[in-house]
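Notes follow the structure.
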Amino acid sequence: MARILTGIQSSGKPHLGNILGAIEPAIKLSNEKKNESFFFIADLHSLINIKDSKIRNNNTLSVAASWIAMGFDYEKNYFYRQSKISEVSELTWYLNCFTPYPMLLNSHSFKDKANNLSNINSGLLTYPILMASDILLYDADIVPVGKDQKQHLEMTRDIAKSFNHKFGDTFIIPECKIDNEVMTIPGIDGRKMSKTYDNTIDIFAEENKLKKQIMSIITDSKGLGDKKNPERCNVFGIYSLLANNSQINDMKSKYQSGGYGYGHAKKELFELILEKFKNQREKYFDLIKNYDHLNDVLKIGEKKAKIIAGNVLARVRKKLGY
């Protein structure tokens, strides 16, 4: 059995790009009988940027509701908040003391913001060590990551190997799983869909807000009667990621024939999202109204995860003589 571990940032509700590029593939992986999945909400990581506890906690529960609504089996697997497993903070300190300072300075997450040091806190610098603790604390075998996180996973492996070399076998060395076929989801402005660019589509938004986002998708200036190139249209690009072949071919034909405006295409995309995610949206809205239930679900996962974390930490403490 392979132990899969995935961390989920609690920076807000997952958008369509997160769902297609990360959530659905991760849930598919977790449903394989041979796998045991640990999915945690990285609410300690989010403290680097989000200081308001109300926003942070609401984000955490929104993330939890989204993953459950999309079909994650939290009873079979492990689903928990990072902050509720205090062992991760203790392990982070131990690993801090064995991590070379230059390694952290070379981290992309730090270097990308290093030109504005006055706005950087030490949490950003040591982010990779907390990530290493998240992984090593559960004896994870496989960690699916995007290409942007590959460096951090390699740092985790280096830290674990160095510790094992000094103290003997202590940590499982995790393998990095990068799916090169993961889709890049275009946002409403054509760039990669990202909260950073404020160009996302929130499938769990109320209908009016969702419709407004879709109607805001940027297109060229061709009129209703003009023939259009579907391959160069953001609306068609998003639609083709969600629709079946028949629907895709039908819309492509309309684009190429003329007499079909971008407003028509956006309306079809809106209706497709409502239809495709109908059950998930209903489940999300039910869950988000019941924070007590969400907390109870997470507490069950935290109780299970804490047992494993305690065993691994005890192993580390023994090696260090504590």
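The values are calculated or read from the model by the stated rules, or taken from the named source; none is laboratory data. The structure presented is a predicted model; accordingly, all values stated were derived computationally and were not measured. Counting neighbours? That spans all protein chains shown, and the Cβs are built from the backbone with ideal geometry, glycine included.
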Every residue from the range 271-293 that is assigned to a helix (DSSP H, G or I), surrounded by 19 or more Cβ atoms within 10 Å (Cβ to Cβ) and of a type outside the set (A, V, I, L, M): Arg281, Tyr284
Residue under question is Asp73, and the condition is that it be more than 25 Å from Phe270 (Cα to Cα) and crowded, with 18+ Cβ neighbours inside 10 Å; does it hold? no
Can you find a residue in the range 137-146 that is assigned to a helix (DSSP H, G or I), in the same structural domain as Phe39 (by TED's automatic domain parsing) and out of contact with any strand residue (DSSP E or B) (no Cβ under 9 Å at 6 or more places or on another chain)? no
Of all residues in the range 27-60, count the ones that are surrounded by 20 or more Cβ atoms within 10 Å (Cβ to Cβ) and within 19 Å of Ile203 (Cα to Cα). 2
Being exposed (fewer than 13 other Cβ atoms within 10 Å of the Cβ) and not assigned by TED's automatic domain parsing to the domain that holds Ile19 narrows Thr196, Thr219 down to just Thr196
Tell me, which residue of the range 212-258 that is acidic (Asp, Glu) and assigned to a loop (DSSP other than H, G, I, E, B) is farthest from Thr200 (Cα to Cα)? Asp226
Being closer than 16 Å to Phe163 by Cα and of a type in the set (S, T, N, Q) is the filter; apply it to the range 87-109 and report the residue that is surrounded by the fewest Cβ atoms within 10 Å (Cβ to Cβ). Asn96
Considering the range 7-26 alone, what residues qualify as being surrounded by 22 or more Cβ atoms within 10 Å (Cβ to Cβ) and either in a strand (DSSP E or B) or touching a Leu at 6+ places or on another chain (Cβ under 6 Å) (or both)? Ile8
Is it true that some residue in the range 294-315 is outside any helix (DSSP H, G or I) and modelled with pLDDT of 95 or more? no
